[in-house]
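Since the structure comes first, as structure tokens, the remarks are kept for the end.
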Amino acid sequence: MMNNSNGMISAPSSSSSPAANPQSPGIKTYFKTPEGKYKLHYEKTHSSGLLHYAHGKTVTQVTLAQLKERAAPTTPTATSSGYSASSGFRSATARLLGTGNGSRALSFGGGNGGSKSMSTSSRISGSFTASNSSTSMTNTNFDGKGTYLVFNVSDAIFICDLNSQDKDPVKSIHFSNSNPMCHAFDPDAKDGHDLLIGLNSGDVYTVSLRQQLQDVSKKLVGPLHYNKDGSVNNNRCTSISWVPGGDGAFVVAHADGNLYVYEKNKDGATDSTFPAIRDPTQFSVDKAKYSKSNPVARWHICQGSINSIAFSNDGAHLATVGRDGYLRIFDFATQKLVCGGKSYYGALLCCSWSMDGKYILTGGEDDLVQVWSMEDRKVVAWGEGHNSWVSGVAFDSYWSSPNSDGSGEHVMYRFGSVGQDTQLLLWDLEMDEIVVPLRRAPGGSPTYSTGSQSAHWDNVIPMGTLQPAPCKRDVPKLSPIIAHRVHTEPLSGLMFTQESVVTACREGHLKIWTRPSESEIQSNSCSEANPTSSLLSTSFPPKITKPH
Amino acid sequence: MGAAGSKLEKALGDQFPEGERYFGFENFGNTCYCNSVLQALYFCVPFREQLLEYYTSNKSVADAEENLMTCLADLFSQISSQKKKTGVIAPKRFVQRLKKQNELFRSYMHQDAHEFLNYLLNEVVDILEKEAKATKTEHETSSSSSPEKIPNGLKVPQANGVHKEPIVTWVHNIFQGILTNETRCLRCETVTARDETFLDLSLDIEQNSSITSCLKNFSSTETLHAEDKFFCDKCCSLQEAQKRMKIKKPPHILVIHLKRFKYIEQLGRYKKLSYRVVFPLELKLSNTVEPYADIEYSLFAVVVHVGSGPNHGHYVSLVKSHNHWLFFDDENVEMIEESAVQTFFGSSQEYSSNTDHGYILFYESLGPTK
């Protein structure tokens, strides 16, 4: 049943691949999807000399950081006309016209900051205009725009150039006091402090990414320091995020179930004090006692750790998942719980929003990928396919259905998940197919004639309530369209960029998989009648199994 | 030892649970396999309660005739009646009895904790059954309500067709589950189901997997063909068939044994698999028969094997008691963070400095399993 669960079984990897990895025997350097082949393009890792005693105790997280042109920032709309970042999918028409889509083929145009050669850029089309192309090759001091991967390993933060073939980071920052655990980047930060870093000690820093890149030392340069020595909360920072459109506000989640709201333009020197938590089992929000201090508010969310937080794109909603297995969705402005629900069992480890804010993915210790609907305020699908805990989930906002007609009627989502089983899974979700058949006419369906079990689908969920774990038979199941073992170590992170899929393992190795080229997609669309025929042996038809 | 005890007391402070005792066990030379399992059983509350109840009601009898169960009951009672809250106890009488009774455990060799647990539970069952039979013959005609009878529908049919009522002891009530082995003849589609009972589940493990996945594999469908055909009673011949194992009745306490010691034919010996197998603190079984589908279990003890090989090493245990996690290493008892349980999952690389691996997991049902 498992094809390659044992790391020692060596599946012959494609010999033609220039990116074969001697460190990952038996791992194929490509995987096939209905739309074509994803190929391993680059790998990134930390300097191998770093085998600190604390190594293994931290789990690597990855942040994508796009630096814009320094002077006179240009609007990104000029670069990719055919695609709207907020729609979540693009129309096929736009793609066929080729507007801004040549970039999707292979747009790696050498390094930012002029570090690397152009040898890999032979396939770049002339119309390539992606925002992350390097226009200032001569610029060696990171003044221009560029796309970077920020990741933490042990006591250090590493920064890699996404578009360079260089495996080693361009920058490492070591922390003497504690290990960095989480980070976040805001490309639109106004005063230059765009990178957030949360530490094991609870300390939080904001810095300028560009300033770090330009500095040659291994120290953090020009940071603003909050929650110094854990003075407000000395529990581990687990997740950190800028508030979208929040004018420099950011939030930090801690391992004790508390989340703090900071305002960036406020001094962090004044320690905040908060009233004692009245009832640790209840959600509560408290303002800091002094208006001048930072953080400005404490949200007590749950007992046990908050494992991950995510803002919807518009900043209206904040999702949290934690040790208690609950997904919670808050209205950030009104500080009210909108909805939420429990995992099938065990803690939830990760969460992510769809671009349109309609769905949230979660992954956790029940090996399931959950799809939560904001409209229904409940779980609408379970993705079954991981053989271990699900540690990273993300919608592919750059993907559009090959057979979408552009009318928006046939809404389909592509998302991915990574797990501690070392696998990357890709999934297709067609909402009209999944939700509609489940709505029963009043009076009962032939499948569920009696019993309260089916209440999951009948009840209108009131605002502000948390749902218990659903029964197994009530939730429709999804199967992945592909399952690919991408690393030898358990995975910890997944991201989709316009040109690639980025996977990260716990130990701090990153892989960048390029999407199928445009020509491949078009030739593939002829054989789309039977998309499963070209898949890997571990693949399943992209069918939704309705509850029996 | 006293200092260590007070350290634990200090760590717990006024959160020290009322009436609870945390005592380490002295090691009599490679008896850590025994110590680690005994700690897990002591903190298996229904087992402890039943055994102490047995001890109180059979005190006079126990004095007359010593067996492994009376020795265990004696040890548990000794712990629970300690004046001090923490300390060290020497399970001398129990270990002596164990060695006297079974030559397997007599040597000073490293022993397998799972084998010991299995032996101990079966031994206790035997003793209880013998006693129950004795009581039964005494009250042959009277309508005795004890021992309990297995409710209808769960009768295990005997080979000779005679329905002998199996005796159900409190050990069965705590640990026993029923597996059903369903075989479907691929020719006539007839499903033959055979039930068997279990006190623990031994699962094959794979690198970078979860307990959920191991359980799924345990119940995955297997096709019997070629040399391995199934004799179908209806077809009266050997046929290809599909076989799968499901849990018909989940136990109240689910004991999961990870098969970390695997016989490697080429080597002609056992090898330890250090695979990383994650186990959640809460678990539901995916391979049950309705209506037991969504019963939730909570992890309360882990027996950990420390070391790289099967023939040497050490055993320790992690125990959850009153929402605190404790680490028992022979005479030492420490409090640990819940998150520290993760450090016993195993290693994703074959050669690793991490050799502390979860070996036997104890889950308690949070819902009705009866």
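Pairs from the table (A:228/A:378; A:218/A:266; B:262/B:320; B:130/B:249) lying more than 32 angstrom apart at Cα are A:228/A:378.
For the residues of B:201-212, the average number of beta carbons from a partner chain within 10 Å of their own beta carbon is 6. Remark: mean inter-chain Cβ contacts per residue of B:273-282 equal 5, using a 10 Å Cβ-Cβ cutoff to other protein chain atoms.
Size descriptors for region A:154-256: radius of gyration and Dmax over Cα atoms are 13.5, 42 Å. Using only alpha carbons, region A:261-382 has a radius of gyration to Kirkwood radius ratio (Rg to Rh) of 1.01.
Pair-distance distribution of chain B: all C-alpha pairs, bin width 20 Å, starting at 0; shares per bin in whole percent are 25, 56, 18, 1. Cβ crowding within 10 Å ranks A:513, A:427 as A:513, A:427, fewest other Cβ atoms first.
Karplus-derived 3J(HN,Hα) values for region B:304-315, using 6.51 cos²θ - 1.76 cosθ + 1.60 with θ = phi - 60°, are 10, 9, 10, x, 9, x, x, 9, 8, x, 8, 10 Hz; glycine and proline are entered as x. Peptides B:188-201, B:20-33, B:43-56, A:298-311 ordered by packing proxy, namely the average of other Cβ atoms within 10 Å per residue, highest first: A:298-311, B:20-33, B:43-56, B:188-201. For region B:1-109, with equal point scatterers placed on the C-alpha atoms only and solvent neglected, what are the log10 I(q)/I(0) values from the Debye formula at q = 0.20, 0.21 1/Å, to two decimals? Reported log10 I(q)/I(0), two decimals: -1.13, -1.21.
Shown for A:495, B:335: other C-beta atoms within 10 Å of each C-beta, ranked fewest to most, produce the order B:335, A:495. Here is the size of region B:168-217 from its Cα atoms: Rg then Dmax, 15.0, 43 Å. Taking every alpha-carbon pair within region B:317-370, the share separated by more than 19 Å comes to 41 percent. Summarising the amide proton neighbourhood of residue B:205: residues at separation of 5 or more, or on other chains, whose placed amide H is nearer than 5 Å comprise B:259. Once backbone amide H atoms are built at 1.01 Å from N, residue A:171 has A:159 as its partners under 5 Å, excluding neighbours fewer than 5 places away on the same chain. Computed 3J(HN,Hα) for region B:251-261, one whole-Hz value per residue from the Karplus formula 6.51 cos²θ - 1.76 cosθ + 1.60 where θ = phi - 60°, is x, 5, 9, 9, 9, 10, 9, 8, 6, 7, 9, glycine and proline marked x.
Dimensions of region B:222-340 based on its C-alpha atoms, expressed as ranges along the principal axes with the largest first, amount to 61, 45, 20 Å. Placing +1 on the Cβ of every Lys and Arg and -1 on the Cβ of every Asp and Glu, with no other charges, gives region A:287-348 a dipole of roughly 320 debye about its Cα centre.
Return the aspartates and glutamates within reach of residue B:7: Cα separation strictly under 20 angstrom, same-chain partners fewer than 8 residues apart disregarded; answer none if there are no such residues. Straight-distance partners of residue B:7: B:18, B:20, B:26, B:329, B:330, B:331, B:334, B:337, B:338. Only helices enter the 222 nm calculation for chain B: every DSSP H run of n ≥ 4 contributes -39,500 (n - 2.57), and dividing by all residues gives -8500 deg cm²/dmol, rounded to 500. By other beta-carbon atoms within 10 Å, ranking B:89, A:159 with the fewest at the front produces B:89, A:159.
Since every read-out is calculated from the coordinates, none of them should be taken as a lab result. What you see is a predicted model; the values in this text were computed from it and never measured. We place every Cβ from the backbone using ideal geometry, glycine too, and count neighbours over all the protein chains shown.
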